[in-house]
Amino acid sequence: MRIASWRWGGRLQVGTISPDGREATPLALADASRGVLPLIEALARGASLPQPAGARLPVEAIELMAPLHRPLRSLFCIGRNYRAHAAELATTVFRDSLPKEDAWPIVFTKLADCVVGPRDPVRLPGAAITTQIDYESELAIVIGRGGRDIARARAMDHVFGYTVVNDVSARDVQVRHQQWDLGKSFDTFCPMGPWITSADQMDGRDTRVRGWVNGELRQDGRTQDMIFDIPTLIETCSRGITLYPGDVIATGTPSGVGMGFKPPKWLAAGDVVKIEIDGIGAIENRFE
Ligand code: MG
């Protein structure tokens, strides 16, 4: 199942997307104003999928929004989680915070308010604030059934599905403030979508993640290359912290970010970043 949130004919709707990604079917929901979040909460409580409401629509006719317009709270994000990406940062200012295989994942958060849709523009904050804008193609886990102290062995039972995010990052701001949250959370810095593919339809533990800038392939990795796998990330984020339905964990990015090039390739106004994950689909956002 693929669930999405969209605007059509001046109305907000939540519904399913056909397996070929071409048709959207609205569902009978009392309130579509919060995207798919109430649906994920209801399904986690054991409710069944609501009935279709209205005719099927061609996907080109709808305006897809982020499936979670505004997540329940900040997104959990994992830093430096692919081996090749860790290697490309080994000669940058981030060299001292490389995770070791036997250590703990790097975890930071991104404010929920910066989520935007799969085709929405990303606004550059301005040169007085940052001149080092970068992209990060990422698989994001969407939690279904909540829980605390979730053991690795049961962690996959808590995954509702997966979506695509661009963990847009201002590198100079990340460094300036020691912690990463400000540099990761400028308004519009988290494009998300185009929908959520449920966990029974794909294996997030081994899928392909690709990212393009203006049509040039920059990132091409597989989630199998993660240093800390999905069950470990869920176990880590839920240690003493309750995870709720609809919580998001962005799992880190493969190699090929702008910062990894010599000289670095920062994003500028007019650039278009496309990210595609096999089993889900693609998001494409222009920087302005
Ligand atoms: Mg990231």
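What is the distance in Å between the Cα centres of the stretch 100-148 and the stretch 1-58?
So the two Cα centres are separated by 25 Å.
Just to compare against my own numbers: the Cα pair-distance distribution for the chain, 10 Å bins, whole % per bin, please.
7, 31, 37, 20, 5, 0
Return the equivalent ellipsoid semi-axes of the stretch 72-179 as a descending list in whole Å, where each equals the square root of 5 times an eigenvalue of the C-alpha gyration tensor.
26, 21, 12
What 222 nm value per residue comes from the helices of the chain, counting each DSSP H run with n ≥ 4 as -39,500 (n - 2.57) and dividing by all residues, nearest 500 deg cm²/dmol? Intermediate values should be presented prior to the final figure.
Details: 5 runs with 32 residues, N = 288.
Only helices count here, giving -2500 deg cm²/dmol.
Taking θ as phi - 60°, what are the ³J(HN,Hα) couplings along the stretch 253-258 by the Karplus curve (6.51, -1.76, 1.60), each to the nearest whole Hz, with x for Gly and Pro?
Result, ordered by residue: 10, x, 5, x, 5, x Hz.
From the C-alpha gyration tensor of the stretch 2-65, pull out the three semi-axes of the equivalent ellipsoid (sqrt of 5λ each), sorted largest to smallest, in whole Å. Write out the running numbers ahead of the final one.
Working: eigenvalues 70, 32, 20 Å².
The equivalent ellipsoid of the stretch 2-65 has semi-axes of 19, 13, 10 Å.
Report the extension gain between R95 and R45 in nm, rounded to one decimal, defined as 0.36 nm multiplied by the number of residues separating them, less their alpha carbon distance.
On the way: separation 50, 0.36 × 50 = 18.00 nm, distance 4.37 nm.
So the chain would gain 13.6 nm between R95 and R45.
Based on DSSP, what percent of beta bridges with both residues in the stretch 75-286 are antiparallel, to the nearest 5? Mind showing how you got there, number by number?
Numbers: 40 of 44 bridges.
Roughly 90 percent of the DSSP beta bridges within the stretch 75-286 come out antiparallel.
Using a 10 Å cut-off around each Cβ, can you sort W180, W266 from fewest to most neighbouring Cβ atoms?
Values: W180 24, W266 18.
Ranked by crowding around the Cβ, least crowded first: W266, W180.
None of the figures in this text is laboratory data; all of them are computed from the coordinates on show. Computed from a predicted structure; not experimentally measured. Using ideal geometry, Cβ is built from the backbone for each residue, glycine included, and neighbour counts are taken over all protein chains shown.
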